[in-house]
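Report on the structure given below.
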């Protein structure tokens, strides 16, 4: 079953057309990467899905066209967006960030259990539970951003440049944790990542964007075998 | 000794007036991230509505309730149709818009009801109670009691409830809050509505003492802002304590520091701010914000 289907997605910032036809298909429990150079439209694609950018074309989630919904309505359907720059709530404590993540849930016990689950997954956060999010290190903030998204029990996670600005070992830790989440919780994912090597540790397939258009789609193995992909995204 | 205690008690009662407005400012700041300079103006408008109703023979308590309901609606509308246009942009622009709103409301109130002083009926009796050689009016006691109740309620709202958590989240980062399913627009309207209601209560409490004019709260706003900065923007308890401190010190300095006297006592809160901010930039009770870059 297909969970998310993008067809001919378009979007523009003022007069500048950024997306000119992005197509993407994410199966249930699947993880799909979006590769591309700076300005190719990767982040905008995610923002179109989560309703923060107005888009044309079709965005079908779980059989329903969700294009035009507000971000909070999209979130309520089970789509959690971890934005570029992490989007943690800096003036709120780590615990409050996690509680905000569970805003739409009513099951107090489940929420408490999931906070414990997140703190087990990211032990660094346990020690910082009462600190303001703005006082965390970059890696800790990224962990918090992912944990906050998980608190909403999403069916689909939109992950934008989770490795940006992190030391390689920290980035690897974050991706290990996300892969663990994928395997244990079966959350589907759309992953935007500059570091294609890192992305391929997580995704089954990927689409390559060039100037706002999907130009190539394939499984991870297929893409990793292509010379031009290796040259452009995998460092030789 | 008797004089001293009397001065302290008078100071506390003046401080409660500043505290009332300061709490409304803290509420809007906690719920929207902005300082609303029109807070006092919006409160005055509500008081005028209550006053106008009482001149039409409506009982005071009913008039107040109507004005509070009006405030909630008016505050929410101001957010929806005015502030929302500026929320995505530079926060400084939004703050300047609130200053413009203050001017507009003051002008409209003056146009509708003239700039003459109007006598606003008091909720509490003016009779004084004496204890330990100090006399204090029931009105002062009543005002202070209401402020304390509001302060505790606000603290409980922001720290202890899901609505408070949501309001803080939206104030901090509206876009990111929406990613967790928070209905940002509606929460901002709630924040503005609540703050306006609180402003209406504050205005009604102080109007009998200050007498009602369109600029009634302009002075109090300055003291309230001083209290907000002194107490720390994030702490309802902090701003109330700071407001009382300002009221008391101002009174004491006027009498005991000959150099200051009654003419210069208006400078006292600002001297106080200067000294406190040198030592504690986050205010007396504010949370220190440490940002890693």
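Each reported figure results from applying straightforward, stated rules to the coordinates on display, with no laboratory input. The structure displayed is predicted, hence computed values, not measured ones. FYI the Cβ positions are ideal-geometry reconstructions off the backbone, even for glycines, and counts take in every protein chain you see.
Observations
- C-alpha long axis of helix A:138-150 to longest principal axis of chain A, angle in °: 90
- Peptide A:47-57 has a mean shielding of 1, counted as Cβ atoms of other protein chains within 10 Å of each residue's Cβ.
- Exposure proxy order (Cβ contacts within 10 Å, fewest to most) of A:82, B:148: B:148, A:82
- Cα gyration tensor shape of the stretch A:106-205, rounded if a/c is under 1.5, else prolate or oblate by comparing a/b with b/c: oblate
- Cβ-to-Cβ counts within 10 Å put B:30, B:135, A:12, A:163 in ascending order as B:135, A:12, A:163, B:30, the fewest first.
- Mean separation of Cα contacts under 8 Å, 6 or more apart, over the residue count of the stretch A:1-105: relative contact order %: 25
- Rounded, prolate or oblate (a/c below 1.5 giving rounded, otherwise prolate when a/b exceeds b/c) for the stretch A:115-162 by Cα gyration tensor: oblate
- For peptides A:21-29, B:126-134, B:82-90, sequence by mean Cβ density within 10 Å, most packed first: A:21-29, B:82-90, B:126-134
- Averaged over the residues of A:73-79, the number of partner chain Cβ atoms lying within 10 Å of the residue Cβ comes to 3.
- From its DSSP helices (H runs of at least four residues, each -39,500 (n - 2.57)), chain A gives a residue-normalised ellipticity at 222 nm of -10500 deg cm²/dmol.
- Shielding score for A:83-92, defined as the mean number of other chain Cβ atoms within 10 Å: 5
- Judged by the gyration tensor of its Cα atoms, with axes a ≥ b ≥ c, the protein assembly as shown is prolate; a/c meets the 1.5 cut and a/b is the larger of a/b and b/c.
- In percent, rounded to a whole number, the relative contact order of chain A is 27, using alpha-carbon pairs under 8 Å and six or more apart.
- Taking the fewest neighbouring Cβ atoms within 10 Å as the starting point, the ordered list for A:161, A:7, A:120 is A:120, A:7, A:161.
- For the stretch A:149-176, the residues whose amide N sits under 16 Å from a probe point set 7 Å from the Cα of residue A:113 along the beta carbon direction are A:151-154.
- Taking Cα atoms only, the orientation of helix A:108-121 departs from the longest principal axis of chain A by about 70 degrees.
- GNM flexibility winner over chain A from A:90, A:78, A:14 (Cα, springs under 10 Å): A:14
- Mean separation of Cα contacts under 8 Å, 6 or more apart, over the residue count of the stretch B:19-215: relative contact order %: 44
- Gaussian network model of chain B, Cα within-10 Å springs - most flexible of B:165, B:264, B:64: B:264
- GNM on chain A, alpha-carbon springs under 10 angstrom: the most fluctuating residue among A:67, A:108, A:54 is A:108.
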